[in-house]
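Inspection log for the structure reproduced underneath, given as structure tokens.
Nothing in this text is a laboratory measurement; each read-out follows from the coordinates by a stated rule. A quick note: this is a predicted structure, and the numbers were derived from the prediction, not measured. Reconstructed Cβ throughout: ideal geometry from the backbone, glycine too, with neighbour counts over all protein chains shown.
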Amino acid sequence: MAGNSFGQLFRITTAGESHGPGNVVIIDGVPPGLQLSVDDLIPDLQRRRPGQSKVTTQRQEADEPEILSGVFDGRTTGTSIAVLIRNQDQRSKDYSDIKDKYRPGHADYTFDAKYGFRDYRGGGRSSARETSVRVAAGAVAKKLLTEACGVNIVGYVKQIGELVADVEQPESVTLEQVESNIVRCPDADMATRMIELIEQMRKEEDSIGGVSELVATNVPAGWGEPVFDKLKADLGKAMFSLPAVLGVEYGAGFGVATARGSENNDVFEQGDQSGTIQTQTNRHGGMLGGISSGMPIVMRCAIKPTSSLSREQPTVTRDGEPTTIATKGRHDPCLLPRFVPMGEAMMAIVLADHYLRHRAQNGG
């Protein structure tokens with residue numbers, strides 16, 4: 001179906017379903033000569049995989065990637081890279097009794113409305129299982145960006161429910177801080193409270209949402225296009241393409257609605273290095289006019305509570321008859337901890353695409 005590809009010069013195409021044999025991504029545009037192996041993909045896939053802790057779904061998937069093409073003798077060849085991740089722990093029988101019922105919050109009804117039938121096993125193509133291969137592609141994009149420009153991307157959990165982490169300098173958060181706890185929050189005290197809240201939600205057969213913050217540092221000024229392909233627009237589309245994302249903002253975000261121009265403008269000054277320009281503050285989130293400014297790119301994604309609940313809820317059948325539904329299976333009581341590597345991956349894919357586009361137009 002249409003809509004399975006994303007990007008222009010760094011372009012990914014994915015295929016696969018939650019309960020099918022596996023998921024695959026084809027990555028086009030990776031320059032030749034980049035050192036790459038399965039070992040480069042595994043760390044982020046381990047951060048995304050199910051069954052990694054007590055606050056995530058207990059579906060057990062090793063998420064071991066197989067590079068099928070595009071790499072020879074440990075280096076990219078410049079041709080299409082194909083990565084396959086096989087599904088190993090499907091329990092399709094968990095969904096057999098709801099195949100004719102619409103799960104609240106899911107795409108069951110809209111898939112039926114579009115295609116006339118659907119894969120009811122765990123959401124099929126709309127399942128977050130598809131994001132496994134996006135994370136693999138994001139790992140490739142991260143390596144390209146790091147080696148070409150020194151770009152670094154770190155995401156973390158900023159908020160779960162009413163609990164908000166204290167992060168004064170997003171650009172200073174390190175991967176080590178994020179990975180120091182199972183909820184991926186750099187505020188250790190708040191992380192403990194977040195874990196308790198998630199465990200409470202599981203006991204109550206409920207779920208909770210929150211906010212993930214994503215930060216890219218060392219992005220050079222000048223990436224992005226001034227009209228339809230603004231960097232912020234492509235980043236927005238990338239984040240909204242991920243399951244469960246209901247809101248995206250960057251910089252001051254919706255805070256600008258109550259600010260005055262004199263309060264919101266970031267004043268320019270000479271940078272720390274001779275000949276560079278920076279701003280004293282970063283309310284613009286690293287992008288002006290849709291083009292990177294050289295300041296850290298700071299985004300936030302609002303993630304809804306998990307729609308699959310084991311508690312009984314009212315719904316209707318495909319024929320419109322009232323009924324009730326309780327979704328069996330293994331589901332995250334909170335999506336935030338596993339969303340972090342997904343958000344990082346999509347940010348990396350967009351930035352890698354705009355790096356290649358900038359290089360193609362301006363050279364060097």
From the Cα gyration tensor of segment 206-265, with a ≥ b ≥ c the square roots of its eigenvalues, which class applies: rounded if a/c is under 1.5, or else prolate if a/b is larger than b/c, or else oblate?
oblate
Out of Ser293, Ala345, Leu145, whose Cα points farthest toward the positive end of the dipole of the chain (charges: +1 Lys, Arg; -1 Asp, Glu; placed on Cβ)?
Ala345
What pairs from Lys232/Lys304; Lys143/Lys230; Lys99/Lys142 go past 32 Å between their alpha carbons?
Lys99/Lys142
Let me check against my output: what whole-number percent is the relative contact order of segment 155-222, with C-alpha pairs under 8 Å and at least 6 apart?
44 percent
Report the one residue of Ile277, Val256, Gly20 whose Cα lies farthest in the direction of the positive end of the charge dipole of the chain (charges on C-beta: Lys and Arg +1, Asp and Glu -1; origin at the Cα centre).
Gly20
Quick check: from the Cα gyration tensor, does segment 191-235 come out rounded (a/c under 1.5), prolate or oblate?
oblate
Of Leu197, Leu214, Pro226, which is farthest on the positive side of the dipole of segment 196-239, counting Cα position, with +1 on Lys and Arg Cβ, -1 on Asp and Glu Cβ, and the Cα centre as origin?
Pro226
Taking Val215, Val178 and counting other beta carbon atoms within 10 angstrom, the fewest-first order is Val178, Val215
Taking the 0 to 90 degree range and rounding to the nearest ten, how far is the long axis of helix 188-203 tilted relative to the main principal axis of the chain, both from C-alpha atoms?
20 degrees
Only Cα pairs under 8 Å and at least 6 apart count here; give the relative contact order of segment 206-364 as a rounded whole percent.
35 percent
With +1 on the Cβ of every Lys and Arg and -1 on the Cβ of every Asp and Glu, and nothing else charged, how large is the dipole of the chain about its Cα centre, in debye rounded to the nearest 20?
860 debye
Tilt of helix 38-48 relative to the longest C-alpha principal axis of the chain, in degrees (0 to 90, nearest 10)?
60 degrees
Segments 37-43, 148-154 sorted - mean Cβ within 10 Å per residue, highest first
148-154, 37-43
To the nearest 10 degrees, how steep is helix 131-149 against the longest Cα principal axis of the chain, on a 0 to 90 scale?
10 degrees
In deg cm²/dmol, rounded to 500, what helix-only [θ] at 222 nm does the chain give when every DSSP H run of at least 4 residues adds -39500 (n - 2.57) and the total is split over its residues?
-8500 deg cm²/dmol
Sort 198-204, 336-342, 235-241 by the packing proxy (mean of other Cβ within 10 Å over each peptide's residues), most packed first.
336-342, 235-241, 198-204
Would you grab the residues whose amide H sits under 5 Å from the one on Thr315? Only those 5+ places off in sequence or on another chain, please, with H modelled 1.01 Å from N.
Thr323, Thr324, Ile325
